[in-house]
Every structure is written in structure tokens, then in C-alpha cells.
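In what follows, a structure is listed as C-alpha cells, so that the remarks can point back to it.
The values are calculated or read from the model by the stated rules, or taken from the named source; none is laboratory data. Fair warning: this is a prediction, and the values are worked out from it, not measured in the lab. For neighbour counting, all protein chains shown are included, and Cβ atoms are generated from backbone atoms with ideal geometry for every residue, glycine included. Surface areas here come from the heavy atoms of the whole protein model, side chains and all, with no ligands, DNA or RNA. Shrake-Rupley method; radii C 1.70, N 1.55, O 1.52, S 1.80 Å.
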Amino acid sequence: MTVVGERPNPVGFGRMLRKEDVRFVRGKGQYVDDIQLPGMLHGAILRSPHAHARLVSVDTSAAEAHPGVRAVITGKTLEGLKLAWMPSLSHDVVAVLATDKVRFQGQEVAFVVADDHYTARDALELIQVEYEPLPPVIDARRALDPGAPVIRDDIAGKQDNHIFDWEAGDRARTDAVFAGAEVVVSQEMLYPRVHPAPMETCGAVAHLDKVSGKLTIWSTTQAPHAHRTLYALVAGLPEHKIRVVSPDIGGGFGNKVGIYPGYVLAIVGSIVTGRPVKWVEDRSENLMSTSFARDYHMRGEIAATREGKILALRVDVLADHGAFNNTAQPSKFPAGFFHIFTGSYDLQAAHCQVRGVYTNKAPGGVAYACSFRVTEAVYLIERMVDCLAAELHIDPAELRLRNLLRPEQFPYTCATGWEYDSGDYPRALRLAMEIAGYAELRREQAERRQRGELMGIGVSFFTETVGAGPKKHMDILGLGMADGCELRVHPTGKAVVRLSVQTQGQGHETTFAQIISEVTGIPPEDVEVVHGDTDNTPFGLGTYGSRSTPVSGAAAAVAAQRVRDKARIITSAMLECAPEDLEWEKGRWFVRGDPTRGKTIQEAAFAAHGSLELPEGVEGHLDASCVYDPPNLTYPFGAYICVVDVDRGTGKVTVRRFIAVDDCGPRINPMIVEGQVHGGLADGVGMALMEAMAFDEDGNHLGSSFMDYLLPTSMECPSWETGETVTPSPHHPLGCKGVGESATVGSPPAVVNAVLDAIGVRHADMPLTPAQVWRAMNGRPYRTDLAIP
Amino acid sequence: MVQVHMTVNGEPVTADVEPRLLLVHFVRQTLGLTGTHWGCDTSNCGTCVLWLDGVPVKSCTVLTVMADGHAVRTVEDLERGGRLDPVQQGFMEEHGLQCGFCTPGMMLTARWLLDRNPDPTEAEIREAISGQICRCTGYENIVRAIRWAAAHPHAVEVPS
């Protein structure tokens, strides 16, 4: 008989069952929508049916008279409170409730607070809104046409839909390399608008205690501290009177980084009614109004020699940011980390330019495990390499092996200035090819082709850029991206560690206990992890961009090292020897040369709280803290191979196999790392084959429910085959690099490359639905951002 | 208002409800059994799966009045007498959950499957859970978790 949890946990790194699971498997997780407070009211949002319309009038009288309705809030109400607009995360503003115009279908127009959720929804039907429809801008490629309707006429003097122009790399040098290149291949491609769609939608419960003046907000946030500061800045509330609690979060994937109007409205609702107010969006609201991802229209050009030496890359991007520029990203880079588009290859020169435009669609762009747009960058380069391979008739794996960075080139500074910390790329790709049986697969493919069967093999290699980020390079709205950690060892040797980051399923309650355990030797089950509550944790910017392990994990490791160092001093006082005479073995300091004379960290902890006389300048107790400003980003990488079969008659794609070799440095908990990879691979299958949010010419959202926005199920996903190499980061205290988004970043091009390999077509845009594949086979792939022609 | 009688996790329940009240909201809000989740409204995601007369249903598209006279079972009833169901253990052992939001529905479907088919193949497991979406795990470890439960059919004590 097997008993769960019976086996001993590792002291430190290793496979260990998750501590948080004991509540989740019992249905005892505590998500935002599970919170019930005495006297709590419920809010619902009225949303615009139009993509672009002038708001003529909003009549709330019938809704206000409806039994059970406690308040109706409109843009006019908020204007009186100076809360109708809030700052975006990218130096723009976002409407909390529309005042002048609605700018996308699903935009927030009014908020009803009522005794229960059903009554609030009923009252929405009673609000009379008069709209004057305006022509919408739906096709991003027409957004800058002369005479295009101006979406943001709220910005003084705004005459067009242009947001920014930005470039990176050396244009002249790149042009020169291209001018002399033997082979140039160019390709247009769209990374469609997709949505993270966590199973839990977004929501908040706000409670202003009028006696204490304290505002508590339980919300679906990946960044509780950043939210608290933003609420203070936006609403003028004193920051010490705001407490943001992020309880259990039902998946984030970047969807829960920003502040949504609904959160602000719950707060306003609580201020107006004097009672707690809950607002939880439904699935359509989630898909139509919250942070989408991608929507990059890209044109890539790759220059190479006839022998297949890649020389340079030139990229031109049109970025659809929707109606407000609200991408969450380090502010010095309006295109996020897109300019790491040189990927995993040694190029002589590279240049990109990105132009951001407004359209009548929901705001966002940076979400869905994208690592601040590394996803788009990896897709571009990995598609371009395949296009070049097709042009040169070189096997795509072979072409990559010829051009991958070599281990001796690290640390490597790429053509656009990023310093890759460490890697052994050819080893990872060779391992993936070995697991896949690559040569045998190519033989099988040739045989099947003879029989008229469509089998495809797709390869991708990615370099991730995570752990944002060094204060000298990046910030969000002026907030640096350092993370705090506080570690306290109790007298009996148990510990509590307080984090600034917030798990959404990544298993922090387990892995951070393992980090503390690895450094101090305190068993992980003796370490309580506290997170997700701004009153009880140190400041930091939260969990997204795979930054928890590289930044907060480093903070935890350093705090633990400081505790270990202090335990050495305490042990030296206990043993009446010099600290330098002590040696460390996991969990214990002992006298060098006499292993029997030593004290465990638990013994040192008790002594630290007792009457032991400590050396001068050393305070009692055993605790430490750290604010970690990473010296550089970390660069996880991996090699992926996808095998597909395509039905010639219907265009249906079946993913037969998927091989993923990931290198994220040492694995804190291999079970959890593998789980993170699995989830990202499913994302890749979804985006490559199923997911996209298109819009019709009137701006109607064509993916506004799970009936239309298709996510992969157990039937579309194969049994993942994973492998690993381990190349530690030289600058992370534990060598760890982060892994949460690696597979989402790396897998879409592998799937797309496989499908296109099967059907022998140079390019067709995602999602490669049966219709798209069938049309691509017949020479007529369509644009997937618009209604199917 | 309509009066309904049903059993929920074996206990008799009587309540006055609006005829339009969805079963997912009745279970979560009226009864406070928040292990059942609300995910999509369109019967696509399956975070709201519970049992109605021993069959997994998506409670976001079942009216509470439709459960009148019937038996409801939710995730809170999987653990009995302090003993976890092997399915619950399997999800822990094989890392079959990450954020935990789809997990209650997945486990209830798994229990239903194993009651009918104690030794399901991978394909049978994948088909059984195909009406439910998980965004975190890529399904692999959910399949392994259910296989673990099939291989360890006897509930065992779990240290708390």
C-alpha cells in the first residue's frame, strides 16, 4: 500500500510532492470568487456592443429603481471622483468607464451594485444607453491610412492611430550585410491575437472599512505589491491604508498582471455603498476585454550564404495594441523584449523596427506566457530559419546545427545587445534529435510521402530571456524590478519565508521552501511560505515573465545564505571557536577536523533566541532579508521537435509526438519543472492549431466564448516526451534560470514548422485549423485576424 | 421561488430558489461548497463538473430545479472518513494539478470513470476528460494521476 507523503522529502532540491495540493485536492482552495464577507454586495458591468461609437446618453433611472440595486455607477460618476481614466502600464491612459466614446466591443460602460449577482445582471438590462456608431478601425494594416477614423480623440491634438515607432539594432550595418548576401529570403507572418484564458476569470472583492479607513482588495493579481502602489497613485489613497490580497489564483499566464476597470469599480462600489463589493467577470468578459497576447504583423528577411551560414536578420513589425496602449512591460522597451529576435544564432548584424497602432479592439498585448514578447521573436526567427532551409534545400535541424551559438561563445552579446549568460545549444538539439529518432523519422516521412501520406517534422530552438529585470535597464511605471524576501527561523528551528511574488499554480509554496532548505538544511516541510498579501510580505513586482525563480528565488537564496552565515557566528559562540574554524554540511556547522563537534541550524536557532552571549555587534534571533536586483537576465533555452500527420482531405492536423528538451539550469523540483513544460507545450499546440481572436468588419469579436475560442483538450495533446540538459546561470546564486514560459515560447514554431513541412507550403498563418491547412494546401491561406473571407 | 429537495453529498437539503438559479451557483453560494468552480457558462470548460445521480454533469448548464429530487455529489465528498480517494492521492502523486481550478471537476470525472472501468487505457482516460479544459498541465500528468489511482484502488491514510 502506498501512502501519500510517506516517503521523506528531499532536504533541498529534488522531486517532492506539492505542499499546496493538500487543500486543492479537497476542493478547499480559496479563490477570489470563494470569498464571502458579511453584507457583501455584487457588481456587474454593462459593456459596449459597439466597437466604436460616441456615447450620447446613459439613463440609469430604471436600473436604480430596480429592487435590490444599491448603486449604479457610470463614467459621469467616476469623472466626479477623477477616476474615469486610469494610467496604463505603457504611458497611456485606460478608460475605467466610458465617458466620451466606446472604443472596443466589450468596453466597460456602467457598473451596477446589487444584493446578488443575478439582480445586478438584471439591472444591466434596464440601463438605456444611446450610442452613435462610428466607423471602426479593425484591420491593423489600415489603421494608419489617411482618413482612418481617429480612435483616440481624447488625446489632445491626436490626428491618427499611431502609438510609437521603435527600432533596435544597427540598420546601416544590417543593410550592408544584406546587400552583399548570396541568399535573401523574406516572409510575412502574423502572430495572431490570442488570449491566456486562465480557467479562473478575473475578479475582485473590495472592502473599505470606514472606521479604520483601510481598504482591502482581494483580487486575481499576479503582482499584488505593484497593484497596491498603483491604487495609491491612481486613487490618491495612502498606501499604508491599502492591503492587496491575492489568494489562490486559478491560473494567470499574464492575464492577471494589470489592473482592470472591474477592480477599480469594486473599490468605488465599496466606497459608495459602505459595504464589501464582489465583482467577478464571466468568460465572455474575460475573452473580450482583458489582456490578450501577440497581434504582431511581422515581415522578416534573413540573409545567408549558399552554404547555409546565416548572416543577418531584418524585421519590420506592425503591432496592434488595441484601443489603449496598456501592454505591461519594462518601460524602456515599447516592444517588450522583442529585440532578442536574433534568437539562438550567431549573426553579423540585425535590425528591427516596430510600429504600434491603435485599433478598435481590447487593450493588452503582453500576456500568455510571452516573456515580454520573446514569444513573437522566437516564432519569427524559427519560421525564418525554416523558410531559409526550404530555400536552400537543407534539412532544418542541420541548418540550425550549423548556425547555433557554440558553448565557447558564452557569455555572448547578440547583435541587439543582449548578454546571454550561458548555454550549450548543440547539445540540447542533438539530445532532442536523439530522443525523437530524427533520422528514422525523416526516413518514415519519405516512405509515407511515397504513399501520398502527409507527415511533417518540425524543429524549433529557442532562447528565452527571463528574470526581469536589472534596475539599470528596466522598470514598470518607475518601479524597479527588484524583489524582496524575508526569512525568519523560529526558536525551534522551523521557518517562515515571506515573498513578494505570487503563485498562480507554479507551486511556490513548495519550491521556495526547497530553496530555503537547499541553503539552510531546514527540511522543506518545516518552512512556511507566505505570499500574496501586501501587509505580510516585502515589496516586489510579482510573478510574470518567468521571473519568480530568477529574481525572487535569488532573493530567497541570498536571505537563506545570510541566515546560514549568522548561524555560523552563533555556532561559533556556542562552541567557543572562531567562525572561520567551522565548516558547513547541509543543516549543520561543525568544527573543521572534528565533525563530532557541531551544531545543527535548529540548535543554533534556539541558542540565538536564548541567553547565549553573542559576539559584539551580532544581534540575537535568526533571521535575514534581501532585496535582490538581478545583475542580468537569465537565458533558459531548449530544442523542440514536433511530429504531425495531416489529413489530405480535410486538412486536419494530428500531433503525433512532441519532444521537448529544456535547459533551465538546476531544477529545484524536477516534477514541477516538467509540469511547467507540459503546460506550455499544450499552449503551443493550441496557438498553432486552434486559438485566435478574429474580428469582423464591424469589430464584432469572433472568439468571445469557449464555443468559438478553442483551447486544446486532452484529445489534441500528445503524450509529451521531455528531456533536459543543465547549464547553470553564472550569476544566479543557485544557477537557476526560470522555466514557466519556456515551452509556450518555444513550441508554436515547432508545430507550425511540422504542419508546413507536411503539406510542403512555405508559410500559412496560425491557427492552422483544418480550413486554413486545406486552403494553404490549395494555395489560398487566409488572414486569421479577420473574418474568414 | 420554488422549493427544492435533494441530497448533496449524502445530506438532505431543502431550499427555496429562483427557477433560473443555476446549479453551480446554488452549490457554491447557497450551500457554500466552493470546491465546484464557475468557468465558462457554455458547458465547454468543465470546472463546474459535479455528479447528478452518479453521473458527471456541467452544473453551469443545469438549473437547480432540475436537481429537485436527485442526488448531487461534489468534490467535498471525495474524501470520506478522513481518507482521501485514490484519485485525490493520484493527483498529488503525479502532479496532476497546478492552479487547482479544474481539479475538482477532473477528479470527479476520474472517479466516475474508474467506478465503471477500473483499469482504463490512456486513450480511455483522455476521452473521459475530453470535455474539460486544463490550462496548466497539458493533460499528461492528469492522465498519469488517473492511472495512479487505477493502480492504487484502496484509499489510504494521509498524514495531515
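A few notes on this one:
- Ranked order, A:472, A:309 - accessible area, probe 1.4 Å, largest first: A:472, A:309
- Residue ranking by accessible heavy-atom surface, 1.4 Å probe, largest first, among B:22, A:399 comes out as B:22, A:399.
- The residues of the protein assembly as shown have, on average, 33 Å² of accessible surface per residue, using a 1.4 Å probe with all protein chains present.
- Cα gyration tensor category, rounded, prolate or oblate, for the range A:267-317 with a/c compared to 1.5: prolate
- Modelled label positions at residue B:71 and residue A:525, each set 7 Å beyond Cα in the direction of Cβ, lie 3.6 nm from each other.
- The mean count of C-beta atoms from other chains within 10 Å of the C-beta of residues in A:17-24, rounded to a whole number, is 6.
- Computed with a 1.4 Å probe on the full set of protein chains, the accessible area for residue B:99 sits at about 10 Å².
- For the protein assembly as shown, the Cβ-based charge dipole about the Cα centre amounts to some 500 debye (Lys, Arg positive; Asp, Glu negative; other atoms uncharged).
- Accessible surface for residue A:448 stands near 60 Å², nearest 10, in the context of the full protein assembly shown (1.4 Å probe).
- Treating r as the C-beta distance of residue A:625 and residue A:79 and R0 as 56 Å, the FRET efficiency rounds to 0.85.
- Peptide B:104-110 has a mean shielding of 2, counted as Cβ atoms of other protein chains within 10 Å of each residue's Cβ.
- Our estimate of slack between residue A:656 and residue A:91, defined as 0.36 nm per intervening residue step minus the Cα-Cα distance, is 198.9 nm.
- If R0 equals 25 Å, the separation of the Cβ atoms of residue A:145 and residue A:780 corresponds to a calculated FRET efficiency of about 0.50.
- Residue-span extension gain [residue A:771 to residue A:618] - 0.36 nm each, minus C-alpha spacing: 48.0 nm
- Carbon and sulfur %, accessible surface of chain B computed with the full protein complex present, 1.4 Å: 53 percent
- Above-threshold pairs, the threshold being 21 Å between Cα atoms, out of A:101/A:158; A:214/A:278; A:332/A:472; A:101/A:361; A:494/A:599; A:19/A:471: A:19/A:471
- Distances between placed amide hydrogens fall under 5 Å for residue A:46 paired with A:109, A:110, A:111, A:112, all partners being 5 or more residues away or on another chain.
- Angle between chain B longest axis and helix B:103-116 axis [Cα atoms, degrees, rounded to 10]: 80 degrees
- Using the Karplus relation 6.51 cos²θ - 1.76 cosθ + 1.60 with θ = phi - 60°, the per-residue 3J(HN,Hα) values for the range B:9-14 come to 6, x, 9, x, 10, 10 Hz, with x marking Gly and Pro.
- Residue A:648/residue A:440 FRET efficiency (R0 35 Å; Cβ-Cβ; nearest 0.05): 0.90
- Per atom type, the range A:236-345 shows carbon and sulfur on 55% of its accessible surface, probed at 1.4 Å.
- Heavy atoms of residue A:698: accessible area, 1.4 Å probe, square angstrom to 10: 90 Å²
- Interface of A with B. Using a 1.4 Å probe and counting protein heavy atoms only, the two chains hide about 5000 Å² of accessible surface, both sides summed.
- Here the label points at residue A:184 and residue B:116, each 7 Å from Cα along the C-beta direction, are separated by 6.2 nm in the simple model.
- Over chain B, relative contact order from alpha-carbon pairs under 8 Å, at least 6 apart, %: 24 percent
- Solvent-accessible area of the range A:481-638 (1.4 angstrom probe, protein heavy atoms only): carbon and sulfur portion equals 46 percent.
- Available extension along the chain between residue A:167 and residue A:36 is 42.2 nm, counting 0.36 nm per residue and deducting the alpha carbon span.
- List A:534, A:99, ordered by accessible area with a 1.4 Å probe, largest first: A:99, A:534
- Peptide A:503-510 has a mean shielding of 3, counted as Cβ atoms of other protein chains within 10 Å of each residue's Cβ.
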